[in-house]
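Beneath this line is the structure, given in structure tokens, with notes to follow.
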Amino acid sequence: MAVNGGTFLFGTYSKAIKHTLGYDQTTLNSLAFFKDLGANIGVIPGLIAEVTPYWFVLSFGAAANFAGYFLIWLAVTGKLTDPKVWMMRAFIAVGANSQNFANIAVLCTSIHNFPQGRGRLMGLLKGFTGVSGAIMTQVYLAVYGDDSTSLILLVGWLPAAFSIAFLFTLRKIQVARQDNEIRVFNHYLYVALSMAFFSMLMTILQKEIKFSHIAYVATASVLCSMLLIPLGIAIRQELQLWRLKQIKPIINPLELVKIEEQVVSPLRQPPRQDASCCDRPKRGEDFTILQALFSFDMILILVATFCGLGVNLTAMDNVGQIGESLGYQIHTVSTFVSLVSIWNFCGRVFAGFVSDILIEKYHLPRPAMIAAVQAFSSVAHLLVAIPFFNGSVYVSSIIVGFCYGAQMTLLYTIISELFGLKRFATLFNVGQLAVPLGSYVFNVKICGFLYDKEALKQLAEKGLVRIPGKELTCLGTQCYRRSFLLMAAVSLAGALCTTLLVYRTRNFYKGDIYKKFKDENEKMKGEKQEVDGQHA
């Protein structure tokens, strides 16, 4: 997951695409839309995952990742002559879509193995995806130097290589929940926070101090070494479990098979054959795909996703051009992208852990946190539309990254809680279908259109006419003012929509939403203790 966020680096290498291929902002934003379309249309990968093993899912995604971004790199470096716009859109859609295969394999495996800690788990896993932009930026600076075209090549081969390396490490297991599960998750959290803090510190230092190539190599080496610490935590936990097994009496394997059939088999039962889209189960039970699609809860989730994630993703995709329009240097623009990535991670982890605590202690509906985050994100858009102080873009980048990450974690977790885990691989991809729609409306039709309109106006004021094939650039705060004022209003509208979902699910979250898993866990422990006693 730590190298699965190549889509977040679009703001860094988009300038190279725009300059090399002579695109205007509308065309570049159309590429951003197809990137978002590919990254968020995961229904097909979800359906593939329903009928194939996860090693196939990962290998398919690795091939798509390399093919998509490698073809973009060929076009930008001139090795693929005269690429059509539709070809570039297809390339970036395929490359971005590949991350869905890794998401599905990792998230679905983990959430089935740890259903009661899904908020924390989802925050951790999606958090590593969020910080991957900063990690890959450090790696690219160490390997290629400050060459944004080479970053496209890195995004093509690095995630693909990691997916191939971990093909056979993901599997679903059925075990009793350990008492120290939350403590172990917290240890992973400390490592992740340390990585994010180190990445942010290096980002700030690299802005203020000119790093040598050796310094970039050292920074990337330290960051990559930190990625090995979670492996040490896992090994330590396995050793502890092994020691416990040595103390307990040996259990007959045939008895364990019998226990597993008694306890686990009910989880594998297919949905009721007489269920229809009009005969929906209760919240928390396993919905079919059609039942979830026709649920008013899902409609509210889609609207909130359109308003919240759609506008924040638009802001993230335009951060490079925003910095350029306000007169920042290219190196500083990379700082904005890294800040978005780091705080994207912070938002994901914060939302996962804090929302779990709020549910456990106060039974606060998890959608309430989405509503709060959407209202907060409107501040970021206002800071771009009306820069109240110097450096307001830095603050805006932090808020946008945090809010986007928090909403993504909460979206996946809420879908798993309201509609069950049976079809989670497909349903969480259904839930994010509104993201590319929001990106198209706000990115292409609003931001891109208004940016180009202002850029042409500036050319006309200078007595110039745009030359076809030459990039179109706008300078000044007016380039994004109207579009970001509108997006601030949309964020507030999304918060109101999510508040309605809070009202509808308040009774559901007042109860014990994980009671089924707790009962199954206790039954599994009881059965095993009984067998232990017989063999003792």
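The values are calculated or read from the model by the stated rules, or taken from the named source; none is laboratory data. What you see is a predicted model, and the numbers here were worked out from it, not measured in a lab. Quick reminder, even Gly has a Cβ in these numbers, built from the backbone with ideal geometry, and neighbours come from all protein chains shown. Side chains are part of the model used for accessible areas, which takes the heavy atoms of the whole protein and leaves out ligands, DNA and RNA. Shrake-Rupley method; radii C 1.70, N 1.55, O 1.52, S 1.80 Å.
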Practice item. Take the alpha-carbon centre of the stretch 60-120, take the same for the stretch 460-504, and report the distance between them in whole Å. Key: 27 Å
Check your understanding: Between the helical axis of 54-76 and the dominant principal axis of the chain, each derived from Cα atoms, what acute angle in degrees is found, rounded to the nearest 10?
Key -> 10 degrees
Point to revise | Qualifying lysines (Cα of each under 20 Å from Cα of Lys207; at least 8 residues distant if same chain) | key: Lys15
Review point. Which one of Thr149, Ala39, Phe484 is farthest out on the positive end of the charge dipole of the chain, using unit charges on Cβ (Lys, Arg +1; Asp, Glu -1) and the Cα centre as origin?
Key: Phe484
Exercise for review: Would you tell me the accessible area of His19, worked out with a 1.4 angstrom probe on the heavy atoms of the protein chains, in Å² to the nearest 10?
Suggested key: 120 Å²
**Study point:** Counting all C-alpha pairs of the stretch 9-141, share separated by more than 26 Å (%)
**Key:** 30 percent
Study note, to complete from the structure: Whole-number value, in Å³ per residue, for the convex hull of the alpha carbons of the stretch 370-430 is 74 Å³
Review point. For the charge dipole of the chain, defined by +1 on Lys and Arg C-beta atoms and -1 on Asp and Glu C-beta atoms about the Cα centroid, which residue among Gly5, Met316, Thr505 has the Cα displaced farthest towards the positive pole?
Key: Thr505
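Can you compute the charge dipole magnitude of the stretch 344-443 about its Cα centre, using +1 on each Lys and Arg Cβ and -1 on each Asp and Glu Cβ, nothing else charged? Give it in debye, rounded to the nearest 20.
Values: 5 positive and 3 negative charges, 33 e Å.
Once rounded to the nearest 20, the dipole reads 160 debye.
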Point to revise | List Thr52, Thr7, ordered by accessible area with a 1.4 Å probe, largest first | key: Thr52, Thr7
Practice item. Calculate the all-directions average of the projected area of the stretch 1-80's alpha-carbon convex hull, and give it in nm². Key: 6.0 nm²
Point to revise | Degrees between helix 367-385 axis and first principal axis of the chain (Cα, 0 to 90, nearest 10) | key: 10 degrees
Check your understanding: Between the helical axis of 85-113 and the dominant principal axis of the chain, each derived from Cα atoms, what acute angle in degrees is found, rounded to the nearest 10?
Key -> 20 degrees
Review point. Carbon-plus-sulfur fraction of the accessible area of the stretch 55-95, 1.4 Å probe, in percent?
Key: 75 percent
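Leaving out ligands, DNA and RNA, what percent of the accessible area of the stretch 133-197 is carbon and sulfur, probe 1.4 Å? Write out the running numbers ahead of the final one.
Numbers: 1920 of 3020 Å².
Ligands and nucleic acids excluded, carbon and sulfur reach 63 percent.
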Point to revise | Lys, Arg +1 and Asp, Glu -1 on Cβ, resulting dipole of the chain about Cα centre, debye, nearest 20 | key: 340 debye
Review point. Hey, what number do you get for the chain at 222 nm if only DSSP H runs of n ≥ 4 count, each worth -39500 (n - 2.57), divided across all residues, to the nearest 500?
Key: -25000 deg cm²/dmol
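Rounded, prolate or oblate, given the Cα gyration tensor of the stretch 334-384, with a/c below 1.5 counting as rounded? Intermediate values should be presented prior to the final figure.
Working: a/c = 5.02, a/b = 1.72, b/c = 2.92.
Oblate shape, in that a/c is at least 1.5 and b/c is the bigger or equal ratio.
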Check your understanding: Of all chymotrypsin sites (Phe, Trp or Tyr not before Pro) in the stretch 354-417, which ones are in loop regions per DSSP and have a Cβ with at most 14 other Cβ atoms within 10 Å?
Key -> Phe388, Phe389
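What size of dipole, in debye to the nearest 20, comes out for the stretch 1-126 about its Cα centre when the only charges are +1 on Lys and Arg C-beta atoms and -1 on Asp and Glu C-beta atoms? Don't skip to the end; give the middle numbers.
On the way: 9 positive and 4 negative charges, 46 e Å.
Result for the stretch 1-126 is approximately 220 debye, rounded to the nearest 20.
Subtract the Cα-Cα distance of Val175 and Glu522 from 0.36 nm times their separation in residues, and report this length gain in nm to one decimal. Before the final figure, lay out each step's value.
Details: separation 347, 0.36 × 347 = 124.92 nm, distance 1.10 nm.
Full-extension gain reported as 123.8 nm.
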Check your understanding: What are the semi-axes of the equivalent ellipsoid for the stretch 317-435, taken as the square roots of 5 times the Cα gyration tensor eigenvalues, largest first, in whole Å?
Key -> 31, 16, 11
